[in-house]
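Down below is the structure, laid out as structure tokens.
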Amino acid sequence: MKAGKFPLLYPTAGFAALLFVLGAMWYAASNQNSPAVYLLLFGLTAVFLVSIPHTLLNLADVTIAPESAKPAFAGEEISLPVEIMNCSRTTRRGIGLVLPGSGGERKRVDYIPAGKAARVTLRFPAGRRGERRVGTFRLTSIYPLGFVRVLKRFASSQTYLVYPKPSGDPRLPSHRARSLHSRPQTELGEGDDFAGVRAYVTGESQRHIDWRAVARGQPLMTKQFAAEAEGSVHLDFSALGFLGVEERLSQLALWVIEAERVRRPYSLRLPNTDIAPAVGEAHFHRCLRVLSLFPEGERA
């Protein structure tokens, strides 16, 4: 992780309050010619000046190591784990981490022992689909007295994926269907026979979550049913000609989720891309990645 050349120092609101107090003390000492007030004034000034290098040193030899962010669907939340590492021989305190421009939260670590690391997770809105750059992290600290703030920047070339927001008709197209209008009215891909459960995939419909298992403290699981129609599902971008580009991608993303949920092999065809039928987590994310990276300027 590449850090900025030099840390930056900024005054805080506490510094403005301190200036007001020092000014009032100077005025009182001048009018009353009181040695005690002068002594207190110079003492407070000395404490302030000494706190500046201590604040700068609090971020010395402190660096960060962001981990990979898992893909998320548009409109959801990106979770980015980050390790704040203290490579010095002294305990560091009161360190904040923020990712400007992401609209996410600021994380604060109160205590990092010498040679140790603290792990935090930054969460921020996923935004539009596509491959997005993380940007520049900021480490800040006002320790020990809060009169000045020291800031270190860490530029990152790391990226994360935002999948299209799933929306549209959840009914899977039949193998003869060429458009949404030609699908039967009954929901395909799900039968009446219960076939077990599997791990819940983000973006799936919550109608089939095994809520009884959740109530028993188990992780989210999705109920599986026997498919009503045999064979693979063919998901074709060009078959949705009456929809706009983004609407097509959202519909295809929803179908990928539904096909994976019922464990029916599915293929995906886009302009210049043709993915053979398969099923499984790797195939699932491969299809969503292709949908995510579909050129925004591509014409329908």
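So what is the relative contact order for the stretch 1-163, in percent, with contacts set as C-alpha pairs under 8 Å and at least six apart? Numbers along the way, then the final one.
Working: 344 pairs, mean separation 48.8, N = 163.
Here the relative contact order equals 30 percent.
Past the 21 Å Cα-Cα mark, which pairs from K70/K223; K70/K107; K116/K152; K70/K116?
Values: K70/K223 24 Å; K70/K107 19 Å; K116/K152 19 Å; K70/K116 25 Å.
Flagged as over cut-off: K70/K223; K70/K116.
Take D169, D110 and order them by how many other Cβ atoms sit within 10 Å, fewest up front.
Numbers: D169 13, D110 10.
Result, fewest neighbours first: D110, D169.
Could you put I209, I95 in order, starting from the residue whose Cβ has the fewest other Cβ atoms within 10 Å? Walk me through the intermediate numbers first.
On the way: I209 16, I95 26.
The order, fewest Cβ neighbours first, is I209, I95.
Of all the C-alpha pairs in the stretch 1-163, what % are more than 21 Å from each other?
Values: 7316 of 13203 pairs.
Everything past 21 Å amounts to 55 percent.
Show the residues, 5+ positions off or on another chain, whose built amide H is closer than 5 Å to the amide H of L235.
S267, L268, R269
Could you please state, rounded to a whole Å, how far the C-alpha centre of the stretch 142-169 is from the C-alpha centre of the stretch 90-109?
Here the answer is 9 Å between Cα centres.
All of the numbers you see were taken from the coordinates with simple rules; none came from a lab. All of these numbers come straight from a predicted model, not from anything done at the bench. Don't worry about glycine lacking a Cβ; one is built from the backbone with ideal geometry, like all the others, and counts go over all protein chains shown.
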